[in-house]
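A short reminder: the numbers here are calculations on the coordinates, not readings from a lab. What you see is a predicted model, and the numbers here were worked out from it, not measured in a lab. All Cβ positions, even for glycine, are placed from backbone atoms using ideal geometry, and neighbour counts span all protein chains on display.
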Amino acid sequence: MMKELFYNCAYAIKYKQIGDSVNYAFVEDDKTLYIYFQGSNSITDWVRNFLFTKDCYGVFKAHKGFLMAYREARNLLLDKVYEKDKNGDYKWLKIIVVGYSHGGALCQLALQDIVYHRPDIKDCILGYAFESPRALKVKKEHRHFWKNLIVVRNGSDIVTHLPPAIFGYHHLGTMVKIQGDISLVEKRIPRCIKYHYPQCVLDGLKKKENFEH
């Protein structure tokens with residue numbers, strides 16, 4: 001499942017844009033809603049990536065740049081999550097949030113928001129943050145919001161180690177480690193960056209899937 005979700009997120013999905021530079025997509029499959037967030041693809045994204053200072057977000061502390069981006073998409077996202085069918089019942093009985101890189105950080109923010117607003121299906125709200133930076137500082141008593149989050153780290157991908165832990169951020173949910181083939185990426189690129197490239201991540205997910213089968 002992770003391989004397919006990542007492939008869709010990195011290669012197949014046609015994204016729409018909201019706000020300054022938030023690229024998202026909704027994919028509907030019967031009673032399941034998939035929400036995708038794209039990785040960095042603009043100067044605005046990169047500027048926000050390095051706004052390491054923390055802002056308050058409810059009872060949590062969040063990376064300022066990622067929070068700025070998420071807030072631009074939040075109303076649209078929650079309107080979609082709250083959609084009802086012709087009988088007046090909630091349309092979505094399962095919601096899967098997926099993001100890569102910068103989009104992985106947005107995935108983490110969105111996941112908590114959706115779990116909070118749709119507690120009726122909290123066990124059917126899943127998150128997959130591929131090669132995601134750290135985005136939040138959360139006290140232990142509140143980390144249950146991310147119990148269904150998977151954070152995927154490929155090798156020594158530097159992005160997954162940012163912002164540095166000294167800033168007080170940490171990864172949430174469960175971390176899954178993979179090991180893609182860095183020879184798939186151009187040689188002159190530093191090793192810790194090669195692991196972040198989509199083709200290397202996809203290779204690592206394929207290997208993990210083959211190993212588990």
Report summary line: Going through region 76-112 in order, the residues found to be in a helix (DSSP H, G or I) and either surrounded by fewer than 19 Cβ atoms within 10 Å (Cβ to Cβ) or small (Gly, Ala, Ser) (or both) are Leu76, Leu78, Asp79, Lys80, Gly103, Gly104, Ala105, Ala110
Query - Enumeration of residues in region 64-101 that are closer than 19 Å to Lys16 by Cα and small (Gly, Ala, Ser) - result: Ala69, Ala73, Gly99, Ser101
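Quick check on region 40-53: of everything there that is in a helix (DSSP H, G or I), touching a residue at least 24 places away in the same chain (Cβ under 8 Å) and not acidic (Asp, Glu), which residue is farthest from Ile114 (Cα to Cα)?
By that ranking, first place goes to Thr44.
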Requested in this report: Could you check Cys56 against (1) in a strand (DSSP E or B); (2) in contact (Cβ under 8 Å) with a residue 12 or more places away in the chain; (3) surrounded by fewer than 14 Cβ atoms within 10 Å (Cβ to Cβ) and say which number it fails?
Outcome: (2)
**Report entry** Filter result (closer than 18 Å to Lys3 by Cβ and either out of contact with any strand residue (DSSP E or B) (no Cβ under 8 Å at 6 or more places or on another chain) or among the hydroxyl-bearing types (Ser, Thr, Tyr) (or both)) within region 186-213
**Finding:** Tyr195, Tyr197, Gln199, Leu202, Asp203, Lys206, Glu209, Asn210, Phe211, Glu212, His213
Query raised in the report: What residue, among those in region 181-213 that are without any contact (Cβ under 8 Å) to a residue 40 or more places away in the chain and in contact with a Leu (Cβ under 7 Å, 6 or more places away or on another chain), is surrounded by the fewest Cβ atoms within 10 Å (Cβ to Cβ)?
Result: Gln199
Report task. Inspect all residues belonging to region 196-208 and state whether any of them is within 27 Å of Lys84 (Cβ to Cβ) and not charged (D, E, K, R). Result -> no
